[in-house]
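Enquirer: Please find one structure pasted underneath; my questions will follow.
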Amino acid sequence: MSKAAIILAAGQGTRMKSALPKVLHRIAGLPLLGHVAAALKGAGVERIVVVTSAAGEDVRTYARTLGAQSVIQQEQLGTGHAAACAREALKDFSGTLLIVNGDMPLVTSATIAECLKAQTHTGLALLAFEAADPAQYGRVLRGADGFLERIVEYKDARAAERAVTLCNAGCYAADAQNFFRWAAALKNDNAQKEYYLTDVPVLARADGVECAIAVTDEVSVSGVNSRAELAEAESKFQSRVRTRMLKDGVTMTAPQTVFFAHDTVVENDVEIEPFVVFGPGVAIKSGARLRSHSHLEGATVASGAIIGPFARLRPGAKIGEDAHIGNFVEVKNTVIGKGAKANHLTYLGDARIGEGANIGAGTITCNYDGFTKSVTEIGARAFIGSDTALVAPVKIGEGAITGAGSVITQDVAADALAIARGAQVEKTGWAKDFRARQQAAKKENK
Ligand code: UD1
Ligand code: MG
């Protein structure tokens, strides 16, 4: 059976108090919408329609990058109305349709699969969870037959109904064309004057279709409606990734201080010291060591390499086997050869560093003149003296040495020594004479 999904993402997200649409806020570097789409794709959903508000141009742009289609809900008249807005876009679709809130970033493919499985029993299903704190979630009232009786929204619920702890997660599965028929019949006679998606099951029952309830774990379906819930979701996502990393053989002395991106790849036998932060696009090979307070983004690190403490790897940093990148070293769009070392206070940008090269403390690649970025090439086993400024474009040959404090503006041949600094001048006894002169002058002026 082919599968499609509607992601509801047109809500104002008022409680976020943000100019950024709620579904574009990020968890582990990926927008909430990206998390939901990834879970759906992983569960075999081939087609996704994102419901956006008229002002949601940025959401539509992002949806395109996910390979999803978008539709506009002109007025935010409720979740049921939002889902119905996808009818035209899916009119040629027959199969199973998932309808998912765009604000549940911790949802996994396995969770979606639970909902799909429950749907096969009756023709309609939803995900529910036992909430530790049911707060403002819709309450799931279960009938004696185990199927859904109805959902009551928090704002419409009486005290006895609010006491129910089984909550609606905001993920539903139904036959697509049945669903659109039910959604078209929704009414808005409730506390919020909205067309509630949660009223669909009652209409389905009139058609003889019961709604099955798949009870899932609370973490996977927690919704993000405020900054506090965003922070909470981030924390839960991080602890999920840390647990997986530890299980996969990654050593972390203080896992709760290490922050991963949604796509971080770390092989087994990597050691990560406390307070390491990953931005998106990082892959670390087995046997590498990431020392404290390092920040990595868009970088790859080969086995045996040591990064940090206090190193910064920016996009395009490719650190070779057994290379060392030490404290206060920033590497951007640069390939570091096998066994090369840049251990202290250095900036390497748009550079290629050969195998076994040694980059002295305070070396700077001057890669930018305010208009263009230029490349620095450093040959294998070259030795760059401390405080060398390499004015790109420039090439340092294999095995060459640059003198400390040099400003290198021209290519240096292999095995040569280049010194580009003022020659040292020494004046014998000058300092002593100077002091004598100054002291005499002082006495005279008294
Ligand atoms: C909704 C459910 C509630 C459930 C909870 C789970 C309804 C009526 N209530 O409440 O039962 O417990 O999710 O998190 O469905 N949206 C639109 N257009 C609209 C309104 C909302 O696209 O007109 C989108 C929002 O962008 C959001 C999703 O629908 O992604 C859910 O809306 P939200 O306002 O967060 O609903 P909740 O109050 O959380
Ligand atoms: Mg919500």
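The values are calculated or read from the model by the stated rules, or taken from the named source; none is laboratory data. Nothing here was measured: the structure is a model prediction, and the numbers come from that model. All Cβ positions, even for glycine, are placed from backbone atoms using ideal geometry, and neighbour counts span all protein chains on display. Calculation scope for accessible area: heavy atoms of the full protein, side chains included, ligands and nucleic acids excluded. Shrake-Rupley method; radii C 1.70, N 1.55, O 1.52, S 1.80 Å.
Enquirer: Give me the percent of DSSP beta bridges within the stretch 1-139 that run antiparallel, rounded to the nearest 5. If you can, show how the numbers build up before the last one.
Expert: On the way: 2 of 18 bridges.
Here the share of antiparallel DSSP bridges comes out near 10 percent.
Enquirer: Sticking with this one: For the chain, what is the convex hull volume of its Cα atoms per residue in Å³? Working shown, then result.
Expert: Numbers: hull volume 105.0 nm³, N = 446.
Each residue corresponds to 236 Å³ of Cα convex hull volume.
Enquirer: Would you calculate a helix-derived [θ] at 222 nm for the chain, using -39,500 (n - 2.57) for each DSSP H run of n ≥ 4 and dividing by the full residue count, to the nearest 500?
Expert: Value at 222 nm, helices only: -6500 deg cm²/dmol.
Enquirer: Cut-off under 19 Å on the C-alpha distance; same-chain residues fewer than 8 positions from Lys443 excluded. Which aspartates and glutamates are left, in chain and number order?
Expert: By straight Cα distance, Lys443 reaches Asp433.
Enquirer: Now for a separate question. Can you give the FRET efficiency to the nearest 0.05 for Asp415 and Arg240, using r as the Cβ-Cβ distance and R₀ = 56 Å?
Expert: Details: r = 53 Å, r/R0 = 0.95.
Efficiency computed from Cβ-Cβ geometry: 0.60.
Enquirer: In addition: Just from the alpha-carbon atoms, what are the Rg and Dmax of the stretch 33-135 in angstroms?
Expert: 14.1, 41
Enquirer: Based on Cβ point charges of +1 for Lys and Arg and -1 for Asp and Glu, what charge dipole magnitude is obtained for the chain about its Cα centre, in debye rounded to the nearest 20?
Expert: Numbers: 49 positive and 47 negative charges, 310 e Å.
Around 1480 debye, computed over the chain.
Enquirer: What distance in nm lies between label points placed 7 Å from Cα along the C-beta direction at Asp207 and Gln438?
Expert: For Asp207 paired with Gln438, the spin-label model returns 9.4 nm.
Enquirer: Right, next: If I fit a long axis through the Cα atoms of helix 32-42 and take the longest principal axis of the Cα atoms of the chain, what angle between them do I get, 0 to 90°, rounded to 10?
Expert: Value to nearest ten degrees: 70.
Enquirer: How many percent of the accessible area of the chain is carbon or sulfur, using a 1.4 Å probe? The partial results should precede the final answer.
Expert: Details: 11040 of 20960 Å².
Here it works out to 53 percent.
Enquirer: Among the lysines, which fall within straight-line cross-link reach of Lys187, defined as a Cα-Cα distance under 19 Å, with same-chain neighbours fewer than 8 residues apart omitted?
Expert: Lys155
Enquirer: Let me ask something else. Give me the angle, in degrees from 0 to 90, between the Cα long axis of helix 227-247 and the longest principal axis of the Cα atoms of the chain, rounded to the nearest 10.
Expert: Taking Cα atoms only, the helix is inclined about 70 degrees.
Enquirer: Kindly flag which residue pairs out of Lys341/Lys373; Lys17/Lys193; Lys3/Lys193; Lys17/Lys236; Lys318/Lys373 have an alpha-carbon separation exceeding 27 Å in this structure.
Expert: From the list (Lys341/Lys373; Lys17/Lys193; Lys3/Lys193; Lys17/Lys236; Lys318/Lys373), the Cα-Cα distance tops 27 Å for Lys3/Lys193.
Enquirer: Using the Cα atoms as the points, what is the convex hull volume per residue of the stretch 404-446 in Å³?
Expert: Hull volume normalised by residue count: 106 Å³.
Enquirer: For an R0 of 22 angstrom, estimate the FRET efficiency from the Cβ-Cβ distance between Lys17 and Thr61 and round to the nearest 0.05. Don't skip to the answer; put the middle values down first.
Expert: Values: r = 23 Å, r/R0 = 1.03.
Using R0 = 22 Å, I get an efficiency of 0.45.
Enquirer: What is the helix-to-structure angle for 109-122, meaning the angle in degrees between its Cα long axis and the longest Cα principal axis of the chain, kept from 0 to 90 and rounded to the nearest 10?
Expert: 10 degrees
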